[in-house]
Amino acid sequence: MSLETVLDRYPVPACARTLGLDILEARPSHGWVRIGFVGQPAFCNASGCVQGGFLAAMLDDSMGPAVMIATEGALYPVTIDMTVSFLAPARPGPLFGEAEVISLGKTIGFVEARLMDGEGALLAKASASVRLLPTSRLAG
């Protein structure tokens, strides 16, 4: 179930398609978004859990859309730094990212995200600082 957002103006990057990105809910005035992902068996490490790099990518792909939706597509976030805490193993299947814009300045923003499994268990969380670029500067 995809939700129409300002992101529909832009092509979905192949990496986001690989993760199964699907915008499920958005509150632009709150800088908040909920995104569905699919933890593929191919993403698993030897323990049978989704490898942490994929989880970090899902968190990153939750925070970026939160900024774009909050700014009605005017600003594109480029991650400067991101801190990830892994709290529980992620099994293959549906995963859900929720991200919220904490603060947007003229050139820098701060965003936080959480990643949950299908039962709502918290798997990982992240915070990031992002450089804010006008989307008009994006290569098209």
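Before moving on, here are some points about what is shown:
- In terms of the mean number of neighbouring beta-carbon atoms within 10 Å, the peptides 57-65, 5-13 order highest first as 57-65, 5-13.
- Here's the picture: charge each Lys and Arg Cβ at +1 and each Asp and Glu Cβ at -1 in the chain, and of Leu133, Val111, Ala26 the one pushed furthest to the positive end of that dipole is Leu133.
- Helix axis angle, 52-70 relative to the chain longest principal axis, alpha carbon, degrees: 30
- The Rg/Rh ratio for the chain is 0.96, where Rg is the radius of gyration of the alpha carbons and Rh is the Kirkwood radius.
- ³J(HN,Hα) computed for each position of region 36-51 - Karplus, 6.51 cos²θ - 1.76 cosθ + 1.60, integer Hz, glycine/proline x: x, 10, 10, x, 6, x, 5, 8, 7, 8, 4, 7, x, 9, 5, 4
- Coil-residue trypsin sites (Lys or Arg not before Pro) of region 33-140, DSSP, other Cβ within 10 Å capped at 12: Lys106
Since every read-out is calculated from the coordinates, none of them should be taken as a lab result. On a predicted model such as this, the values are computed, not experimentally measured, just so you know. Neighbour counts run over all protein chains shown; Cβ positions are idealised from the backbone, glycine included.
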